[in-house]
Every structure is written in C-alpha cells, then in structure tokens.
1. Need the C-alpha centroid separation for the stretch 289-305 versus the stretch 218-248, integer Å.
2. Could you run the Karplus curve 6.51 cos²θ - 1.76 cosθ + 1.60 with θ = phi - 60° over the stretch 135-144 and give me ³J(HN,Hα) per residue in whole Hz, x for Gly and Pro?
3. Name the residues whose placed amide hydrogens come within less than 5 Å of the amide hydrogen of Leu326, ignoring near sequence neighbours (fewer than 5 apart) on the same chain.
4. Of Ser83, Ser136, which has the most accessible area and how do the rest follow, probe 1.4 Å?
5. Calculate one ³J(HN,Hα) per residue across the stretch 293-300 by plugging θ = phi - 60° into the Karplus curve 6.51 cos²θ - 1.76 cosθ + 1.60, and present them in order as whole Hz with x for glycine and proline.
6. Got the relative contact order for the stretch 288-386 handy, in percent, Cα pairs under 8 Å and 6 or more residues apart?
7. Suppose the chain between Met312 and Thr105 were pulled fully straight at 0.36 nm per residue; how much longer would it get relative to their current alpha carbon spacing?
8. How would you order 200-208, 216-224 from highest to lowest mean count of nearby Cβ atoms within 10 Å?
Amino acid sequence: MSTPHRGRALAVAVLGVAVVGAALVGPAAAGAQAEKHAPAAAPVAELTLPAEPATEADEPELDVPPGVVDEAVSFSVVNRNTSALACPSDGKTYTIRGHLTGPATMLGGGAVTVYEHGIASGEWYWRVPVEGFHHSYEMAERGHASLTIDRLGYDSSDRPDGRHMCVGSQADMLHQIIEALRSGEYEWEGESPSPTFTTVTTLGHSNGGQVAQLEAISYGDVDGVVVSGWADGGLTDEATARFQAALGSCLSGGTPSEEPDDPSGYALYDLGRREFVEGNFADTDPEVVEYSAGKQNKHPCGDMVSQLSGVMVDAERLREIDVPVLLLYGEHDARVQLGGVHKTLFAGAPSTTLVEVPDAGHYFDLARRHEVALDGLASWLDGEGF
C-alpha cells in the first residue's frame, strides 16, 4: 500500500479513537453499560515489582505433565494482506515461531485451538511457568491441543519494521497458519511427522481477538471463534488514554523493537511495568505478576494504527461469522468492557456463549480464579465437538 494510504489510516485513528464505543453501541447504551461494569481498582497496585526483569537463564522451569506433548514449531508466512481490512504490509516472507501442546493423542490429528496474544504480551501469556498457570498444559490435561505463537513482531518470531504490518496482515498470516495446520506443512521438533488437524478453532486475547474476528470474517475457514478480553466499542477511558499516547509515539516513527539497532516502528502501550501491571492484573498471585511484569512487549505500530479501521469492518461484518462463538472476560477488566453488548454483534453465529471470570482483570487467564476461564473454554470446546 502507498504512504498516503497509511497517512489516511493514521488520521482516522487519531480522530476516531475516542468515539469507538458510541459508533458501535450508541452513546446511551455505552454509557449505561460502562457505569454498570466500571472496573474496580486492581488489588495488585501495591505490589513491589522486581528491580530488573528475569533473564532467560533465571526463569523458572515447569515440567511437561505426563501424557502431554509439547514441541516447538515454526511457520513460514508471507506478510501480505488479502483480508477484509485494507491496511499496508510489506509482502515479504518471515518465520513465526511457537509451540504445539496437547495430549499425546493429538499426534493422530483431530482438533486444535490457535491462540493469538494481545498487543502488549506474547506467547509467554499462555506459557507462564507457575504451577496451574501454564495455559497450554492445563488445556492439554483437559484433553485439548493448543498452538501458541509469537505474532510477527514479537519475541521469538521475526521482527521487521513495525510500520510494515497491520491487523489485516496479521489476520492473513493467521489464515496461512490455519492452512498449514490442516496440511501439515510446517516445521516441528517432534520425532513423528507434523500432525494435521481437521478441526481448527481460533482464540484471540485483547486485540488478538480482533485479529481472530477479522480472520473468520475474511476467510471463513475456522470451526469456532473465541474472543477473549476484546470488545469492539468497549475500550475504557484508561485504555483510550494509553492508546492515544502510544499512537503519538507511532506517528513519530516509533522506536526500535528491542535493541537500538533493531528495526523501528514499535511502541509501548503502557509506559513502564507499573502501568503494565496495574492496567492488566487484578486478584492475581504475586508470583504470577512478578514473572509477567518483565514480559511486557512493545507492539508494531502498524497493528495499532489499523485497529480503528478494523472496528469499522467488524461493525459491518461480524454478523457474517456463522460458527459457534465463545466470549471470555474478566469481571474487573480495566481495559475492555461491554462484553454483553459485543455478544449481540454475532447475529449470524449458531450459538454465542459468554463467560466472566470473577474478580479478574484484563489478564484474567493469570488471575487467581483463572480456572473459571479454563473450565469454561474446555466445556465449550467439548460441547461443540472440538
């Protein structure tokens, strides 16, 4: 896409971010819902954070549970955009890395859930090495296979200039990964051939939920969609303020992804670990917070500036999703509200189910009562035959 197109997308985001909620649900409904579901202050606010993030060598390890397979995988993808959302991408080939985890029976194929993390996290969100909080192990012990990845621009996956990808190209790359899972055309470190899967569900957390929605709208190739901690039109005032600050950095060109010589075009959504913790966690064990506090990621600017345009596509086309939908939220999410309103947008889905994790914040999968989400997800997958 041309530079002028990118400029128009940036301008739309700057002008429209504050009115997303009203655009989708109407100002009266949005106001009433926001008042009803106003989040409580995060109980972790007084936690003393570690002075420095843990190094990879210092990180705790968690043994793979008996009967569970957990293997590193990688996918060759093209950063293209054939999705329903027009936004720029560079058309180059990259590698996306992650892990395929599940009961040993998954080696024979069957069903898998593909996870898309949010804008400030990474694959680590599903693989916290604290007993009971390693999401992929927990789901494997409940009988379900999971593919967790670092999206393009994050941690173990390739990190090109962050201005040269967008929500639309992330959806396209997710589509390519789904096709690879069905065909077995990907690399994995297991001794047997790469498993192939006939049933694929996507689960997106935070703006990963927007990516999962757009993928389903654009390609119609999934059997189910799980939207986790995302609601078009549901951003809180705090989330909007953080969005605008990060957008300002992106409009200035962003910063290197990690090291000074790394590709540029990246920005922090939260300025510092304190904001990151207070904005995402509530009712969370200190051990989990202390591990996660050092995992905050910068995000690609192209993903951020294309979000609002993506919301507009969702408003027009979410009703086209014709597979079962599950929505997961934390009760005291300081980022996203209006989950009940968002549920009504899936008018074409044969079923929509909403689960709320009591006392939890935006990172509800890491909260003390996270098993509500785990059991809700496993029960839904079982009930749908996934």
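The values are calculated or read from the model by the stated rules, or taken from the named source; none is laboratory data. None of these values were measured; they are calculated from a predicted model. Please note: Cβ atoms are built from the backbone with ideal geometry, for glycine as well, and neighbour counts cover all protein chains shown. Note: accessible area is taken over every heavy atom of the protein model, side chains too, but ligands, DNA and RNA are not part of it. Shrake-Rupley method; radii C 1.70, N 1.55, O 1.52, S 1.80 Å.
1. That distance is 15 Å.
2. 4, 5, 5, 5, 5, 4, 6, 9, x, 10
3. Answer set, sorted by chain and number: Val225, Val226, Val227, Thr353.
4. If we order Ser83, Ser136 from most to least accessible, we get Ser83, Ser136.
5. Taking θ as phi minus 60°, the curve returns 4, x, 9, 3, 10, 6, 10, x Hz for the stretch 293-300.
6. Relative CO of the stretch 288-386 lands at 25 percent.
7. Stretched fully, the Met312-Thr105 segment lengthens by 70.4 nm.
8. Packing proxy ranking, top to bottom: 200-208, 216-224.
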